[in-house]
Amino acid sequence: MGTILFASDLDNTLLFSHRHRQPGDRCVERLNGAEQGFFTQDTLDLLPQVVRRVHLLPITTRSVEQYLRIQWPEGTVPRWALTANGAVLLRDGEVDRAWYAASQALVRDHREALAAVLDHLTRQGGATSVRCVEGVYVYAAYPDTPTAERVARDWCGGSALRAVVSGRKVYFFPPGIDKGTALRRAVERFGPERVIAAGDSVIDVPMLRRADLALIPDTELLPQVPGARVCGPDQRFPDFVLSAVLQDAAGPART
């Protein structure tokens, strides 16, 4: 694939919702006609330079449908992307069937547990959204973070599913459906010499730990990703990420 693989989370890393929009940001995603996702102006300026120097591989919890809503600027559309927390590999927008089959094999022994937690959360009520994403993990959104944390804490399914809370959302992942495993599989497939990873949440930690250079928005994740490079207080995270990738790709001193 080349020398540098840039594995990046999307939401709150490269793009963000209307709640965080600032003047000059550009809408790159709509949902039912409403503006949904945004890039900063600096991101729009830097992204073309980044994709000329490194191989961008988004790794996101988004479903295939959600990922395909993003309108990347001309010339910056990633050829490859990993959706569903790394379980589904897209090539030019089409599902790589062999990759997805391998992911399904990882999930096979946990299908009953996924069905059980989906049924439990649906019956329990209180969630604004509950669903199984691409058949590989269960997701639920709640009105606030304390409720999501309580749901994750109280779930006693007696299974190997891992409950992960990110903001007001709780995810139930089977073993192997994590961004670290996804990045390992990508490295085995594409053979880069160096890996840069960027992410903002605990879901990204397994991916960040596997990278040669990890980029994070603040010090909250630093105990889990020692040595990560932290965004400064006066810089927006997407702009910091792309600037850091360009700096690294230009040939910084290796440690």
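Which residue, Ala105, Ala87, Ala214, has the most motion in a Gaussian network model of the chain that connects Cα atoms within less than 10 Å?
Ala105
Could you work out how far helix 111-124 tilts from the main Cα principal axis of the chain, as a 0 to 90 degree angle to the nearest 10?
80 degrees
Could you state the angle between the C-alpha long axis of helix 145-154 and the longest principal axis of the C-alpha atoms of the chain, as a value from 0 to 90 degrees rounded to the nearest 10?
Roughly 50 degrees, rounded to the nearest 10.
Taking θ as phi - 60°, what are the ³J(HN,Hα) couplings along the range 3-20 by the Karplus curve (6.51, -1.76, 1.60), each to the nearest whole Hz, with x for Gly and Pro?
7, 10, 9, 9, 8, 10, 4, 10, 5, 6, 10, 9, 9, 8, 7, 4, 5, 10
Starting from the Cα-Cα distance between Val202 and Ser129, subtract it from 0.36 nm times their residue separation and give me the gain in nm to one decimal. Mind showing how you got there, number by number?
Details: separation 73, 0.36 × 73 = 26.28 nm, distance 2.05 nm.
Working it through step by step, the gained length comes to 24.2 nm.
So how far apart, in nm, are the two label points at Arg189 and Arg19 if each is 7 Å from Cα heading toward Cβ?
Result: 3.2 nm between the two label points.
Whole-Hz ³J(HN,Hα) for each residue in the range 39-49, computed from phi via Karplus 6.51 cos²θ - 1.76 cosθ + 1.60 with θ = phi - 60°, x for glycine and proline: what do you get?
10, 6, 5, 5, 4, 4, 6, 8, 4, x, 5
Working from Cα positions, state the angle (0 to 90°, nearest 10) between the long axis of helix 237-249 and the longest principal axis of the chain.
Approximately 50 degrees, to the nearest 10.
State whether the range 1-66 is rounded, prolate or oblate according to the following rule on the C-alpha gyration tensor (a ≥ b ≥ c being the square roots of its eigenvalues): a/c under 1.5 gives rounded; otherwise a/b larger than b/c gives prolate, and the remaining case gives oblate.
oblate
Give, as a single signed number, the net charge of other residues whose beta carbon lies under 9 Å from the beta carbon of Thr13, with Lys and Arg counted +1 and Asp and Glu -1.
Once all neighbours under 9 Å are counted, the net charge is -4.
Using θ = phi - 60° and the Karplus form 6.51 cos²θ - 1.76 cosθ + 1.60, what ³J(HN,Hα) does each residue of the range 207-222 get, whole Hz, x for Gly and Pro?
Rounded to whole hertz, the list is 5, 4, 5, 8, 7, 6, 9, 10, 10, 10, x, 7, 7, 4, 8, 4.
Take the alpha carbon gyration tensor of the range 115-255, find the square roots of its eigenvalues, order them as a ≥ b ≥ c, and report rounded if a/c is under 1.5; if not, report prolate when a/b exceeds b/c, else oblate.
Prolate, since a/c reaches 1.5 and a/b exceeds b/c.
Can you tell me which of Pro174, Pro23, Pro143 moves the most in a GNM of the chain? Springs connect C-alpha atoms under 10 Å apart.
Per the Cα network of the chain with a 10 Å cutoff, Pro23 tops the list.
Just check the range 57-128 against the gyration tensor rule for me: Cα atoms, a ≥ b ≥ c as the square roots of the eigenvalues, rounded for a/c under 1.5, and otherwise prolate or oblate depending on whether a/b exceeds b/c.
oblate
Give me the percent of DSSP beta bridges within the range 151-255 that run antiparallel, rounded to the nearest 5.
About 50 percent, rounded to the nearest 5.
What is the local net charge at Glu35, summed over the other residues whose Cβ is closer than 14 Å to its Cβ (Lys, Arg +1; Asp, Glu -1)?
Surrounding charge for Glu35 is +3.
Looking at Gln235, Ala214, Val195, which one has the Cα that reaches farthest to the positive end of the dipole of the range 191-255 (charges on Cβ: Lys, Arg +1; Asp, Glu -1)?
Val195
Would you mind telling me the antiparallel percentage of the DSSP bridges in the chain, rounded to 5?
Around 65 percent antiparallel, to the nearest 5.
To the nearest 20 debye, what is the magnitude of the charge dipole of the chain about its Cα centre, counting +1 on the Cβ of each Lys and Arg and -1 on the Cβ of each Asp and Glu?
Numbers: 30 positive and 30 negative charges, 89 e Å.
The calculated dipole for the chain is roughly 420 debye.
In 10 Å bins starting at 0, how do the alpha-carbon pair distances of the chain split up by percent?
7, 30, 37, 21, 4, 0
Taking only DSSP H segments of four or more residues, each worth -39500 (n - 2.57), what value at 222 nm results for the chain once the sum is divided by all its residues, to the nearest 500 deg cm²/dmol?
Roughly -10000 deg cm²/dmol at 222 nm, from the helical runs in the chain.
Taken together, the values in this text are just the output of simple stated rules run on the coordinates, not laboratory data. Computed from a predicted model, the values in this text were never measured in an experiment. Cβ: placed from backbone, ideal geometry, glycine included. Neighbour counts: every protein chain shown.
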